[in-house]
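Below is one structure; the comments refer to it alone.
The values are calculated or read from the model by the stated rules, or taken from the named source; none is laboratory data. If you're wondering where the values come from, they're calculated on a predicted model, not measured in any experiment. Ideal geometry is used to build each Cβ from the backbone, glycine not excepted, and the neighbour counts take in all protein chains shown. These area figures cover heavy atoms from the full protein model, side chains too; ligands, DNA and RNA do not enter into them. Shrake-Rupley method; radii C 1.70, N 1.55, O 1.52, S 1.80 Å.
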Amino acid sequence: MLAKTLEINKKKKRISNSKKFSIISYGCQMNVSDSEVVASILEQIGYSHTNEMHDSDLILLNTCSIREKAELTVRKKLESINAIKKNNKNLKVGVLGCMAERLKEKFLIEEKIVDLVVGPDAYRDLPNLLKEVEFGNDAVNVLLSKEETYADINPNRFNTNGINAFVSITRGCDNMCTFCIVPFTRGRERSRDPKTILNEINTLVKSGYKEVTLLGQNVDSYLWYGGGLKKDFTKATEIQRKTSVNFAMLLKIVAKSFPKTRIRFTTSNPQDIDTEVLETMANYDNICNHIHLPVQSGSDHILKKMNRKHTVKEYRKLIKKIKKILPDCGISQDMITGFPNETDDDHLDTLKLMDYVKYDFGFMFKYSERPGTLAAKKFDDNVPEDIKQRRLSEIIDLQLKHSYQNLLKYRGKTVSVLIEKESKKSANHWCGRNPQNLMVVFPKNNLKLGEYAKVKVIDNTSTTLIGDFYYD
Ligand code: SAH
Ligand code: F3S
């Protein structure tokens, strides 16, 4: 009897072992990081990863809802996957991430285009949900959690270069910017246990990784007090308060514990990045001098409607402080054009702010109304498409001008570059970034991937520094 059971178990294992999954991530780095958590969970139940969709038993799309265009891209992909499915009846398809959370069972019950719908906080339930799929049942879990940070899961970094890794430190967002879907799809903000963050980085460093980016929607708001939501910190006990760890403290511990590892972090919200964080950056050479500091608009009237929690004056003051404490710090932005009621004057204020800060680079978008957000409920999406586009082109042009001017200042200087990959344009050149997060391309010679190079900048475009020779 026992022998028979063992035989059956072995068979089962063989069957499950042979299953392959592929996973495609859309949108932000958080999704890439979550896909690595999903990969780890699936491998524990015998699935193995493949990059070949045609070779997969399970295809997962880790989706993004941030703008309408992002959702359309996912829908197009689903159409092409459904074509594959017609020739492979056993293929299962799942939607993960923000679109799963936003549209819930609509994909499954109304549209019948996928087998599995899993929200960002429900990945631990994947083994059960896959069983339901095998039994032919609906498999949906879009519950948001107060605690989930996947703290104990060691992400499976498939598709890694073995040099750079993202380590998630917070999940969710409480800021409720009126245009943004993230608080609805990723839930309330919570922080991850610092011990598990250090353990994960330790594993990475031991396996040869050279750079770690601490990741969250709002990293500067990190606060560990034993678990639970950030907003419930008001109910914390005296001991929890005394032993709590904020972002500056976490950054310090990480920088100190891994002195040879480059440390980056993203994203910072202007109202949360404080002097302690800036001073920590100044005190530790291995923390890269770059801050991604989205502002969205340079007009107070628009910032208020966006529920951004600072004024233009406060933002300018912060920029001044950053430049004082970290004179060589790279600063980048996110901007939105055509938010409801944005006038030409508001737009000119944005250009004015850009002229003041002179960002090194930025990510610029046309406003896209997201169903369910406060902006969608309260404001008319009333800036015509052609005006949104014109304003977008103007801020992109100005950004390119500033980027070029900023990069020009590096000419003749020597920069420290971590070699990350081969240049796309030339097999004889390496590509990597300097601490300010600027791309640097330079001749390979005898240097290797993962090594640091001192590169002399001889030329630049508005996005790339070009190096000639180097010293070791
Ligand atoms: N704090 C987050 C922000 C995520 S969204 C982070 O980790 O980066 C990234 C950027 O998308 C935002 O800063 C904003 O510029 C843009 N964005 C968000 N919602 C948008 C919308 N409805 N329309 C256009 N752009 C949007
Ligand atoms: Fe979105 Fe604002 Fe949070 S842009 S992710 S609600 S900081």
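Between 0 and 90 degrees, the angle of helix 385-408 with respect to the longest Cα principal axis of the chain falls at about 70 degrees. Shown for the chain: the carbon plus sulfur share of the solvent-accessible area, taken with all protein chains present and a 1.4 angstrom probe, equals 53%.
For the stretch 414-471, just say rounded, prolate or oblate: build the C-alpha gyration tensor, square-root its eigenvalues into a ≥ b ≥ c, call rounded for a/c under 1.5, and beyond that prolate if a/b exceeds b/c, oblate if not. Write down the numbers at each step before the final one.
Working: a/c = 1.29, a/b = 1.16, b/c = 1.12.
Note, shape of the stretch 414-471 comes out rounded.
THR350 exposes around 10 Å² of accessible area when a 1.4 Å probe is run over every protein chain in place. The distance between label points at ASN283 and LYS409 comes to 2.6 nm (points 7 Å beyond Cα on the Cα→Cβ vector).
Charged side chains reduced to their Cβ positions (Lys and Arg at +1, Asp and Glu at -1) give the chain a dipole of some 900 debye around its Cα centre. Taking the C-alpha atoms only, the angle from helix 194-206 to the longest principal axis of the chain is near 90 degrees.
Ordered by 1.4 Å accessible area with all protein chains kept, PHE135, PHE247 run largest first as PHE135, PHE247.
With all protein chains in place and ligands, DNA and RNA left out, the 1.4 Å accessible area ranks PHE21, PHE258 as PHE258, PHE21, largest first.
Using a cut-off of 31 Å between Cα atoms, the listed pairs LYS104/LYS424; LYS260/LYS317; LYS252/LYS305; LYS92/LYS206; LYS104/LYS231 include LYS104/LYS424; LYS260/LYS317; LYS252/LYS305; LYS92/LYS206 as exceeding that distance. Within the full protein context, the accessible area of HIS54 is estimated at about 140 Å² for a probe radius of 1.4 Å.
The Cα atoms of the stretch 60-133 give a gyration tensor whose axes a ≥ b ≥ c have a/c of 1.5 or more with a/b no greater than b/c, which makes the shape oblate. Overall shape: rounded for the stretch 17-141, with the ratio a/c of the largest to smallest alpha carbon gyration tensor axis below 1.5.
Treating the angle as unsigned and between 0 and 90°, give the value, to the nearest 10°, between the Cα long axis of helix 312-325 and the longest Cα principal axis of the chain. Approximately 80 degrees, to the nearest 10.
Taking the average, over residues, of other Cβ atoms within 10 Å as the packing measure, peptides 372-383, 230-241, 35-46 rank 35-46, 372-383, 230-241 from highest down.
The residues of the chain present an accessible area of 47 Å² per residue when probed at 1.4 Å with all protein chains retained. By the Cβ distance rule (another cysteine Cβ under 4.7 Å), the unpaired cysteines of the chain are CYS28, CYS64, CYS98, CYS173, CYS288, CYS329, CYS431. Computed on protein heavy atoms with a 1.4 Å probe, the accessible areas place SER18, SER33 in the order SER18, SER33, largest first.
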